[in-house]
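Q: Shown below is the structure under consideration.
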Amino acid sequence: MAANHSQKHPPNSNDQRTVLVVCILLAVLVFAVFGQTLRQGFVNFDDGDYFTSNFHVLTGLTWNNAKWAFQIGYAANWHPLTWLSLMLDAQLFGTGPAGPHLTNVILHAANTVLLFLLLRRLMGLRSDKSVGAMATQAGALWPSAFVAAIFAIHPLHVESVAWVSERKDVLSGLFFMLTLLMYERFVEQSKIQSPKSKMFYGLALLIFAMGLMSKPMLVTLPFVLLLLDYWPLKRFESSTLNSDESRAGSQLATISRLVLEKLPFFLLSAASCVITILAQQKARAIIPTDALPLFDRIGNASISYVVYLGQMLYPARLAIFYPHLENLPLWKIVLSLIFVAGITAGAFALRRGRPYLLVGWLWYLGTLVPVIGLLQVGAQAWADRYTYLPLIGVFIMIAWGARDLFSFWQCRRQALGFASLIVVAALMVCASIQTSHWRNSESLWIHTLACTSRNYVAHCDLGSVLAKQGRVAEAIEQYQATLELKPDYADAHNNLAILLAGQGKTAEAVKHYQRALEIKPDFAAAHNNWGNALAVKGQINEATEHYQQALQLDPDFGEAHNDLGALLLGQGRTAEAMQHFRKAAELIPDNADVQNNLGTVMADQGRTTEALKYFQKALELKPDSAKTHFNLATLFVARGQLDEAIKHYQQALELMPDFTRARYQFGLVLQTRGKFAEAVAQFEKILELDPKHIASQNNLAWLLATCPDNSVRNGNKAVELAQQAVQLSRGRSPEILDTLAAAYAEAGRFPEAIETARQASDLSTALNNKPLAEAIQTQLHFYETNSPYHEKP
């Protein structure tokens with residue numbers, strides 16, 4: 001008998017072609033809107049943690065990185081498959097933004113197509129008969145395609161697709177769709193008592209677990225399965241019985257059986273909840289109730305449900321961050337609760353004739369529960385990304401509601417089709433514009449400030465963007481605006497203090513560090529940054545105390561280990577410095593400064609081969625580090641590899657033209673290689689940057705006076721430079737007096753050359769510098785015969 005119920009109508013080739021065309025069009029819609037993200041960059045909101053500064057992600061798929069992905073706590077979450085997918089991006093496409101953006105777009109396109117196929121299959125089944133028997137698709141194709149199209153290009157979904165850090169949304173969405181598809185196949189096979197049903201159940205459970213390992217928001221999926229059981233699968237319906245009491249008892253038994261059937265899914269959800277809470281507690285991401293009272297959470301949750309619906313209908317002024325509203329008006333909370341309760345009551349009342357209303361509404365309400373703010377993680381009041389899967393329920397309500405509402409129209413298909421095209425076209429335009437705001441961090445935060453009010457996070461993060469661009473004055477203005485809105489924002493105090501310290505305003509910086517630590521006593525980064533400010537001022541003991549306090553608060557604070565190590569190295573405490581550098585390398589192996597410092601220690605110890613490895617590793621991590629290029633050049637000089645040294649000096653100066661130390665050493669190497677004109681150019685450039693750079697004055701004067709290349713020599717200019725150097729050194733340097741003597745001789749002023757050379761010789765003898773005294777005596781013989789001294793070619 002079961003075999004008779006499982007017979008299917010032969011597939012219609014026209015239907016198959018229509019489905020294929022719809023799938024292609026949906027994918028084209030996605031790429032038409034989101035293709036622009038392939039030309040966009042990363043943003044400074046979480047993308048550092050998820051990609052740009054994440055060593056494990058940037059180094060691709062390795063065994064060690066895979067093990068790290070399954071650890072609990074990083075980025076206040078546990079989603080190992082999200083990490084692995086980002087590692088795969090880095091492995092395949094490199095560390096630029098195009099690769100992860102492309103993957104996000106592909107995943108979203110796949111989700112869109114799968115949603116269409118899922119809805120068409122679910123809604124096109126005669127659930128009251130054999131599940132395998134396909135009903136006419138006229139009633140399922142259009143609404144399924146419409147829901148998928150709105151899902152594809154709704155502006156609220158821009159955040160989930162255009163933001164690399166939200167890989168977890170589109171990846172978990174893929175597993176969400178696949179789980180529902182496998183579950184539908186399980187139900188279908190169960191109806192005909194096929195042994196394949198167990199296989200599809202197992203696949204659904206496995207894919208659901210993968211979804212939870214992509215984003216724990218999927219914990220409500222078992223609830224969605226029960227909703228689908230109610231409609232369109234109609235598994236809640238009991239067999240026909242005579243008495244109402246018997247029918248009620250049978251239905252209760254049916255519901256109990258369906259809930260029990262989902263028990264493995266609920267157990268996986270419970271495990272994911274526990275792991276997620278542990279991860280968020282470890283990262284201290286959960287906001288305590290004293291900071292955000294329960295009443296405010298409930299009020300914000302009720303308002304959020306209404307806000308999301310409003311944004312769905314009128315997707316304007318969308319932003320990456322919405323701050324919590326201060327002193328929520330009671331009337332807003334009450335009206336929101338009445339609104340939500342009213343729709344719930346209406347959907348329940350219409351459940352028999354319009355079951356999709358109840359299912360769609362409960363889908364929306366239920367899937368938002370993990371992120372509605374009752375357990376608050378982060379400072380946002382609500383977020384566009386949270387609507388990625390929940391709004392599918394509302395889209396179903398709209399599509400099937402419109403189909404039924406206009407069912408009496410003879411031309412309903414044409415009217416609904418035309419209306420759908422208008423809606424899709426309008427949403428495409430809005431979504432394209434919204435996506436364009438994600439082209440870089442600056443445009444994103446400027447747009448956010450234009451769309452929201454009193455947004456202290458937007459001001460602070462825009463300040464960080466401006467600071468990174470070197471626009472310090474503008475960055476300070478943004479941080480000050482942040483503190484006007486939220487005086488107790490510790491991060492803003494810390495960031496502002498860093499900029500003030502960089503301007504030499506240490507006293508002002510200290511006030512902000514102190515305030516940051518008053519607000520947040522366990523703010524290890526503030527102690528560390530305070531230590532950096534003091535170290536620059538030469539207050540070594542005080543700086544050391546702050547580094548140590550930072551490490552007491554957070555023993556695994558890699559940057560503090562590195563900074564303390566650098567301070568100790570400067571004091572000559574190499575062994576202690578090495579301990580901190582090695583610890584830092586364990587904690588933050590992706591930090592170029594740590595690798596650079598380890599290389600410096602090795603170079604100081606003469607272990608040039610090891611130093612070279614560390615410097616090269618530092619350049620892999622940060623190719624634009626002028627400091628590392630300089631250190632490599634210095635190492636190559638010590639190894640006698642002057643050509644390699646010249647290359648790295650040039651790269652250092654391309655990256656940092658005002659790097660006078662590198663330019664000076666570069667000039668010396670050029671001088672050694674006989675490239676005198678180029679050496680002169682380097683010393684002259686240094687004096688443009690720093691007219692009182694004595695070493696450059698002395699070396700340039702010496703070259704102009706004694707260079708074997710006649711075209712380089714200029715006695716009068718050499719005298720001018722050497723006199724300035726003598727004045728700056730107060731005549732206490734025999735080397736500079738020696739240069740002045742050579743300059744006088746080149747200028748033909750031999751009496752002055754002889755007198756100055758004798759002063760230099762006497763001073764070098766007094767300083768017990770015998771080699772210099774002997775060299776000066778040799779040069780003095782030239783001057784006494786009215787001949788300038790020139791070095792040999």
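Q: What is the magnitude of the charge dipole of the stretch 644-746 about its Cα centre, with +1 placed on the Cβ of each Lys and Arg, -1 on the Cβ of each Asp and Glu, and no other charges, expressed in debye to the nearest 20?
A: Roughly 140 debye for the stretch 644-746.
Q: To the nearest 0.05, how large is the calculated FRET efficiency for residue 574 and residue 770 if R₀ is 45 Å and r is the Cβ-Cβ distance? Kindly include the intermediate steps, with their values, before the conclusion.
A: Values: r = 31 Å, r/R0 = 0.69.
Efficiency computed from Cβ-Cβ geometry: 0.90.
Q: Specify the angular offset, from 0 to 90 degrees and rounded to the nearest 10, of the alpha carbon long axis of helix 221-230 from the longest principal axis of the alpha carbons in the chain.
A: 20 degrees
Q: Now for a separate question. Could you work out the per residue convex hull volume over the alpha carbons of the stretch 726-767, in cubic angstrom?
A: Expressed per residue, the convex hull around the Cα atoms of the stretch 726-767 is 52 Å³.
Q: If you don't mind, there's one more thing I want to ask. Starting from 0.36 nm per residue, how many nanometres of slack lie between residue 408 and residue 677 once their C-alpha separation is accounted for?
A: Numbers: separation 269, 0.36 × 269 = 96.84 nm, distance 9.13 nm.
Result for the pair: 87.7 nm of gain on full extension.
Q: Along each principal axis of its Cα atoms, how long is the stretch 19-435 end to end? Whole angstroms, biggest number first, please.
A: Reported extents, whole Å, longest axis first: 66, 53, 45.
Q: Taking 0.36 nm per intervening residue step and subtracting the Cα-Cα distance, what contour gain separates residue 199 from residue 732 on full extension?
A: 182.9 nm
Q: Now for a separate question. Longer than 30 Å from Cα to Cα, which of 622/692; 215/617; 647/692; 537/627; 537/675; 168/282 are they? Say none if no pair is.
A: Checking Cα-Cα distances, 622/692; 215/617; 537/675 exceed 30 Å.
Q: Oh, and also: Averaged over every viewing direction, what's the projected area of the C-alpha convex hull for the stretch 142-284? Give it in nm², one decimal, please. Don't skip to the end; give the middle numbers.
A: On the way: hull surface 46.1 nm².
For the stretch 142-284, the mean projected area of the Cα convex hull comes to 11.5 nm².
Q: Sort the following peptides by mean Cβ neighbour count (other Cβ atoms within 10 Å, averaged over residues), highest first: 264-275, 383-394.
A: In decreasing order of mean packing, 264-275, 383-394 become 383-394, 264-275.
Q: What is the local net charge at residue 58, summed over the other residues whose Cβ is closer than 14 Å to its Cβ (Lys, Arg +1; Asp, Glu -1)?
A: -3
Q: Here is a follow-up. Run the quick spin-label model on residue 266 and residue 717: label points 7 Å from Cα toward the beta carbon, then report their separation in nm to one decimal.
A: The modelled label-to-label distance comes out at 8.8 nm.
Q: For the stretch 334-434, build the charge dipole from Cβ charges (+1 Lys, Arg; -1 Asp, Glu) around the Cα centre, then report which of 359, 407, 373 sits farthest towards its positive end.
A: Value: 407.
Q: Where does helix 660-672 land angle-wise versus the long Cα axis of the chain, in degrees 0 to 90, nearest 10?
A: 50 degrees
Q: Relative to a virtual label point 7 Å from the Cα of residue 480 in the Cα→beta-carbon direction, which members of the stretch 505-533 show backbone nitrogen distances below 20 Å?
A: Counting backbone N atoms under 20 Å from the label point, the list is 505-516.
Q: Also: Going by Cα centres, the stretch 704-744 and the stretch 505-548 are how many Å apart?
A: 45 Å
Q: In what sequence, highest mean first, do 23-30, 104-111, 252-259 appear when ranked by Cβ atoms within 10 angstrom? Walk me through the numbers before you get to the answer.
A: Values: 23-30: 17.9, 104-111: 22.4, 252-259: 12.9.
So the order, starting with the most tightly packed, is 104-111, 23-30, 252-259.
Q: Against the longest principal axis of the chain, how steep is helix 330-349, in degrees 0 to 90 to the nearest 10, with axes from Cα atoms?
A: 40 degrees
Q: 7 Å from Cα along Cα→Cβ at both residue 206 and residue 792: what's the point-to-point distance in nm?
A: 8.1 nm
Q: Let me ask something else. Would you give the gap between the C-alpha center of the stretch 766-793 and the C-alpha center of the stretch 257-331, rounded to a whole Å?
A: 82 Å
Q: Got a sec? Which residues in the stretch 456-489 would a label at residue 326 touch, if it sits 7 Å along Cα→Cβ and we count backbone N under 16 Å?
A: Counting only backbone N, you get 456-460, 480-489.
Q: Where does the Debye-calculated log10 I(q)/I(0) of the chain sit at q = 0.06 Å⁻¹, using only Cα point scatterers of equal weight, no solvent?
A: Each listed q corresponds, in turn, to -0.54.
Q: Using a 7 Å offset from the Cα along the Cα-to-Cβ direction at both residue 71 and residue 234, what is the distance between the two label points in nm, to one decimal?
A: Taking the two extended label points, one gets 5.4 nm.
The numbers here are math on the coordinates, done by the rules we state, and not lab data. Remember, predicted model here, so these are calculated numbers, not experimental data. Because the Cβ atoms are built from the backbone with ideal geometry, glycine has one as well, and the counts that use them run over all protein chains shown.
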